[in-house]
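**Student:** Got a structure for you, questions after.
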Amino acid sequence: MASLGYGWRLTGAPFDMPFVTRIIMYVAGPCLVFTSLSQLTLPLTQFWGMVGAMILVTLAVAAVSAVLIRILGLPQRSFLPALTLGNTGNLGLPLCLFAFGEEGLGLAVAIYVTNSLLQFTFVPLLNTRVSVLRTFFTTPMLYGAAAGLAVVLSGVAVPTWLATTLGSIGNLLIPLMLMALGHTVGGLKAHNLRRAIGLGSARLIIAFVVVVGVSFALGLSGVAQGVLVLQGAMPAAVFSYLFAARYDRDADDIAGIVLFSTLLGAVTLPLLVSYALWLAR
């Protein structure tokens, strides 16, 4: 699916990335989150456990990454988001769905929503003086999650026609995300190859070590541990590059980190999926 987006870019045919991004963020994303949560079969305690675990993983990865960035003498505002936040959407959701089925997708959505809320509050706060509440409540995924959880808590049955419609729209998310990923990666260039290789590798290593440690420290097991490890060890998020370009924060270097961690991830992800499946056995 990602190769379709990459091939599309090679042909030079128009690909309206802002439009695709808006469809992902404001339409398909909230619909998938709502559908997944409203049909949640696992206990809510497990759902909230995944949210808490992902917050711990993010804070720990951010702390280690901040130390590394400081040692290297690089600006925190530019490089911290790229080393902290993983691609839990474009890559994480489809991998968890294909590896663990609907149960895995439900847990992966909990992590995706958490990561999205952190991403769209943490990064703007690093770069601009904005209201935390305003940023938080203008993140579309929040409303899809709130509506889905409300359905679960109330026990209300969603009408079949509505569930089918929202489910069909939500099913657009994963193909669109993967095509957008391939298209974006196809246009990225590493201007400082040595830094891109070093920090791109650091993202994968730090995230993997931290998420495995947190998963065992919290006593997770089965599919929950497999999903957390898989989602937590994803390559750098593409949105890190988009934010860097928007705020003029060393966008070329961040593009290199995203590009190299994603390319290296193409080699390491089969091993990571195998390890996650072994944990969930």
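**Student:** Residues that are outside any helix (DSSP H, G or I), touching a residue at least 12 places away in the same chain (Cβ under 8 Å) and either crowded, with 19+ Cβ neighbours inside 10 Å or out of contact with any Ser or Thr (no Cβ under 6 Å at 6 or more places or on another chain) (or both): does the range 111-132 have at least one?
**Tutor:** Taking the range 111-132 and keeping what is outside any helix (DSSP H, G or I), we get 128-131.
Subset that is touching a residue at least 12 places away in the same chain (Cβ under 8 Å): 128.
Now drop any that are not either crowded, with 19+ Cβ neighbours inside 10 Å or out of contact with any Ser or Thr (no Cβ under 6 Å at 6 or more places or on another chain) (or both), which leaves 128.
Looking for residues that are outside any helix (DSSP H, G or I), touching a residue at least 12 places away in the same chain (Cβ under 8 Å) and either crowded, with 19+ Cβ neighbours inside 10 Å or out of contact with any Ser or Thr (no Cβ under 6 Å at 6 or more places or on another chain) (or both), one finds at least one in the range 111-132, hence yes.
**Student:** May I ask you to verify whether A82 is in a helix (DSSP H, G or I), out of contact with any Cys (no Cβ under 9 Å at 6 or more places or on another chain) and open to solvent by less than 30 Å² (accessible area, probe 1.4 Å)? Full working, then the answer.
**Tutor:** On the way: in a helix (DSSP H, G or I): yes; out of contact with any Cys (no Cβ under 9 Å at 6 or more places or on another chain): yes; open to solvent by less than 30 Å² (accessible area, probe 1.4 Å): yes.
Answer is yes for this residue.
**Student:** Let me ask something else about it. If you scan the range 1-40, which residues turn out to be assigned to a helix (DSSP H, G or I), open to solvent by 90 Å² or more (accessible area, probe 1.4 Å) and over 28 Å from E103 (Cα atoms)?
**Tutor:** Y6, W8, R9, L10, T11, F19
**Student:** Still on this model: Could you list, ordered by first residue, the pairs with Cβ atoms under 6 Å in which the first is in the range 4-27 and under 15 Å from M177 (Cβ atoms) and the second is among the charged types (D, E, K, R), at least 6 apart or interchain?
**Tutor:** Matching pairs, first to second residue: none at all.
**Student:** Ok, one more. Can you say whether G49 is part of a helix (DSSP H, G or I) and modelled with pLDDT of 90 or more, as far as the supplied structure shows?
**Tutor:** yes
**Student:** Right, next: Name the pairs whose Cβ atoms lie under 7 Å apart, with the first residue in the range 158-183 and closer than 17 Å to L37 by Cβ, the second part of a helix (DSSP H, G or I) and open to solvent by 50 Å² or more (accessible area, probe 1.4 Å), and 6 or more positions between them or separate chains?
**Tutor:** I169/V27
**Student:** Check whether at least one residue in the range 183-199 is among the polar types (S, T, N, Q) and open to solvent by 50 Å² or more (accessible area, probe 1.4 Å), and report yes or no.
**Tutor:** The answer is yes; a qualifying residue exists.
**Student:** Moving on to the next point. Pick from P75, P43: which is touching a residue at least 60 places away in the same chain (Cβ under 8 Å) and open to solvent by 10 Å² or more (accessible area, probe 1.4 Å)?
**Tutor:** When all the criteria are applied, what remains is P75.
**Student:** Further question on the same structure: Select from the range 162-173 the residues that are under 22 Å from G7 (Cβ atoms) and crowded, with 20+ Cβ neighbours inside 10 Å and list them in ascending order.
**Tutor:** Scanning the range 162-173 gives a single hit, L173.
The values are calculated or read from the model by the stated rules, or taken from the named source; none is laboratory data. All values derive from a computational prediction rather than experimental measurement. Using ideal geometry, Cβ is built from the backbone for each residue, glycine included, and neighbour counts are taken over all protein chains shown. Protein only, heavy atoms only, side chains kept; ligands, DNA and RNA dropped before computing areas. Shrake-Rupley method; radii C 1.70, N 1.55, O 1.52, S 1.80 Å.
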